[in-house]
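The block underneath contains the structure these notes are about, expressed in structure tokens.
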Amino acid sequence: MPATESEAIVLRGFPLGEGDLLVSFFSRTHGRLRGVAARARRPKSRFGGTLEPLSYVRIWFYERETRELVRINQCELIESFLDSQRDYATAVAMALASEVTEAVLAEKEPADANFRLLLLVARALKAQARPQLVLAYFALWTVRLGGWLPQLDRCGRCGVELKDGACWSSTQGLVCRRCSLPGQRGISRAALLAARRIVAERLEKLIADWPGTNGSVESEVRDFALDIIEHHMEKALKSRRALPAQPETQL
């Protein structure tokens, strides 16, 4: 059986046995997969540093119908993001992007738009773009690609235009002040405007034109989107704990 060749992004790896590595990776043509790289953790491994988290690689693997794990045969590095992760904020952003991607995608289902999104944000972070903005873009677009993004301009209950902020309801999307309930997370008018802009513009333009702020608006958009992701995952994101806490917005 010939090996399957594909571009891929490494999501994370786990030690397996004495020298093997269990790798979760995102194949551009085959979706999210898990495979074993034999002897990858040994000093003279043929894999070298190609299986580091978020490495953009060309990978060759064997897949059998009766086995859950593929066997990784060869891997060539296309682009590394390891040096970028020396910065704490960038490392947390990359870890969160990797965790979200792994959590929201079903196994063995190609998702080219998500692949391009993950590579885009990794490159933006590598180029030292502001992590708060890049994460807000990534999280909101992940929600949109998942089909979970509510209307950003109308109340999901009464249909009134959202002019002065909103609250997030897991059943009705964004709702106005009149329709909101106690305990729901608020999202400010400024964050709503930012979210509308993020889903309408390319990341490169946002990075170039984004106004200088303290990051609170971007973090608010990010947290709004992460709340939606966690709701659909039905569990908390571990990497999110490393993000700086933001006060909840009250209407």
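The values are calculated or read from the model by the stated rules, or taken from the named source; none is laboratory data. In this text, all values refer to a predicted model and were calculated from it rather than measured experimentally. A quick note on method: Cβ atoms are made from the backbone with ideal geometry, for glycine too, and the neighbour counts reach across all protein chains shown. We work out accessible area using only protein heavy atoms, side chains counted, and drop any ligands, DNA or RNA first. Shrake-Rupley method; radii C 1.70, N 1.55, O 1.52, S 1.80 Å.
The lone criterion from (1) open to solvent by 30 Å² or more (accessible area, probe 1.4 Å); (2) of a type in the set (A, V, I, L, M, F, W, C); (3) modelled with pLDDT of 95 or more; (4) within 23 Å of the chain's Cα centre (by Cα) left unmet by W60 is number (4).
Among the numbered criteria (1) over 22 Å from L125 (Cβ atoms); (2) surrounded by fewer than 21 Cβ atoms within 10 Å (Cβ to Cβ); (3) out of contact with any Lys or Arg (no Cβ under 9 Å at 6 or more places or on another chain); (4) touching a residue at least 40 places away in the same chain (Cβ under 8 Å), which one does P43 miss? Single failed check for P43: (4). From the list S180, S219, which residue is among the polar types (S, T, N, Q), over 19 Å from the mean Cα position of the chain (by Cα) and crowded, with 19+ Cβ neighbours inside 10 Å? Matching residue, one of S180, S219: S180. Against the criterion of being more than 26 Å from M233 (Cβ to Cβ), surrounded by fewer than 18 Cβ atoms within 10 Å (Cβ to Cβ), at pLDDT 95 or above and basic (K, R), R144 does not qualify. Of the residues contained in segment 56-74, one or more are found to be in contact with a helix residue (DSSP H, G or I) (Cβ under 9 Å, 6 or more places away or on another chain) and farther than 30 Å from C176 by Cβ.
Against the list (1) modelled with pLDDT of 95 or more; (2) touching a Gly at 6+ places or on another chain (Cβ under 9 Å); (3) closer than 19 Å to E79 by Cβ, the condition T29 fails is (2). Give the residues of segment 202-212 that are within 28 Å of V175 (Cβ to Cβ) and surrounded by 14 or more Cβ atoms within 10 Å (Cβ to Cβ), sorted by residue number. Matches in segment 202-212: L206, W210. If we keep just the residues of segment 77-98 that are in contact with a helix residue (DSSP H, G or I) (Cβ under 7 Å, 6 or more places away or on another chain) and open to solvent by 40 Å² or more (accessible area, probe 1.4 Å), which is nearest to M233 (Cα to Cα)? Applying the filter and picking the extreme gives A95.
Within segment 33-59, can you find the residues that are touching a Ser or Thr at 6+ places or on another chain (Cβ under 7 Å) and not in a loop (DSSP other than H, G, I, E, B)? Residues satisfying the conditions are L33, R34, V57, I59. Checking the stated criteria, V104 turns out to be farther than 27 Å from G48 by Cβ and of a type outside the set (D, E, K, R).
Conditions tested, residue by residue: (1) charged (D, E, K, R); (2) farther than 18 Å from I229 by Cβ; (3) open to solvent by 80 Å² or more (accessible area, probe 1.4 Å).
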{"position": "R32", "(1), (2), (3)": "yes, no, no"}
{"position": "R67", "(1), (2), (3)": "yes, yes, yes"}
{"position": "T101", "(1), (2), (3)": "no, no, no"}
{"position": "D112", "(1), (2), (3)": "yes, yes, no"}
{"position": "A124", "(1), (2), (3)": "no, yes, no"}
